[in-house]
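Take a look at the structure below.
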Amino acid sequence: MNNFKYKGVIFDLDGTLLDTIEDITDGLNKAAISCNIKPYSIEEAKYLVGSGVDVLINNCLNVRNADRGLFDKLKENYMKFYGACKAIKTKPYDGICEVLDFFRKNDVKIAVFSNKPDCDTQGVINNYFGERYFDMVVGKRDGVDIKPSKQGAEPILKHFNLELKDILYVGDTKVDMKTATNIGVDSVGVLWGFRKMDELVENGAKFIIANPLDLIKIVKNGEL
């Protein structure tokens, strides 16, 4: 076992490990057009995502003042179109693979915890990192509260078998910072994702970083 400050790291997915926003926006816009809704810009989409598909669809309808009766059709079409394009433009952020490889080589446990449906979360992670690369991968599952609830993280915590003080949570939105607080672990807010620094600071981020490689410093020493 290493003598690092943190022994396990839980990562958000979209906007943290993978730059997924272009594929999400493309899938969303195809669905929007099919419902005669004005398409969304990438910057708009960054503030629509983060709390699961149902909230995404609600947000999409709200910002366009669209007919609420379109919810089911928009959701169905989004899932279909995003499913077809989710691996076209998506890619790991620069430096992420280097950081993950360092953790794996140094016995730091790593997991993914996302509000993306579990089937999509598993598929995307397997596609970009391979099966069993992470110690555990968890997406949204039926009957389990989404983030910022800590409920979905319970299998990860059990698998890690670590004290909470030894676990770090990494994400790019206020939902992620609140999730870390609810779990009872320290949080890192990342600036390469979908949101700005003020949102992360206001919601309790212990650390703020703009370069993935800074995660190694934090995990090793507990400081930048």
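The values are calculated or read from the model by the stated rules, or taken from the named source; none is laboratory data. Please read all numbers here as calculations on a predicted model, not as lab measurements. We place every Cβ from the backbone using ideal geometry, glycine too, and count neighbours over all the protein chains shown.
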Going by the conditions given, is Val170 buried (at least 19 other Cβ atoms within 10 Å of the Cβ), within 15 Å of Phe11 (Cβ to Cβ), among the β-branched types (Val, Ile, Thr) and within 12 Å of the chain's Cα centre (by Cα)?
yes
Do you know which residues across region 81-108 are surrounded by fewer than 18 Cβ atoms within 10 Å (Cβ to Cβ), at pLDDT 95 or above and assigned to a helix (DSSP H, G or I)?
Cys97, Glu98, Asp101, Phe102, Arg104, Lys105
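Quick test for you: out of Glu131, Glu76, pick the one residue that is more than 23 Å from Ile33 (Cα to Cα) and either assigned to a loop (DSSP other than H, G, I, E, B) or at pLDDT 95 or above (or both). Lay out the reasoning, then the answer.
On the way: Glu76 fails: more than 23 Å from Ile33 (Cα to Cα).
Step by step, each of Glu131, Glu76 is checked, and only Glu131 is more than 23 Å from Ile33 (Cα to Cα) and either assigned to a loop (DSSP other than H, G, I, E, B) or at pLDDT 95 or above (or both).
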Hey, can you tell me all the residues within region 37-63 that are more than 17 Å from Arg195 (Cα to Cα) and buried (at least 18 other Cβ atoms within 10 Å of the Cβ)?
Ile37, Val53, Ile57, Cys60, Leu61
Taking only region 184-217 into account, find how many residues are at negative phi and either in a loop (DSSP other than H, G, I, E, B) or touching a residue at least 60 places away in the same chain (Cβ under 8 Å) (or both).
18
Unmet criterion (only one of (1) assigned to a helix (DSSP H, G or I); (2) free of Cβ contacts under 8 Å to residues at least 24 places away in the same chain; (3) closer than 26 Å to Lys46 by Cβ; (4) of a type outside the set (Lys, Arg)) for Asp176
(2)
When you check Val124 against the structure, is it in a helix (DSSP H, G or I), under 25 Å from Leu213 (Cβ atoms) and touching a residue at least 12 places away in the same chain (Cβ under 8 Å), yes or no?
yes
Say we look at region 19-44 and pick out the residues that are part of a helix (DSSP H, G or I) and among the aliphatic types (A, V, I, L, M); which of these is nearest to Lys91 (Cα to Cα)?
Ile21
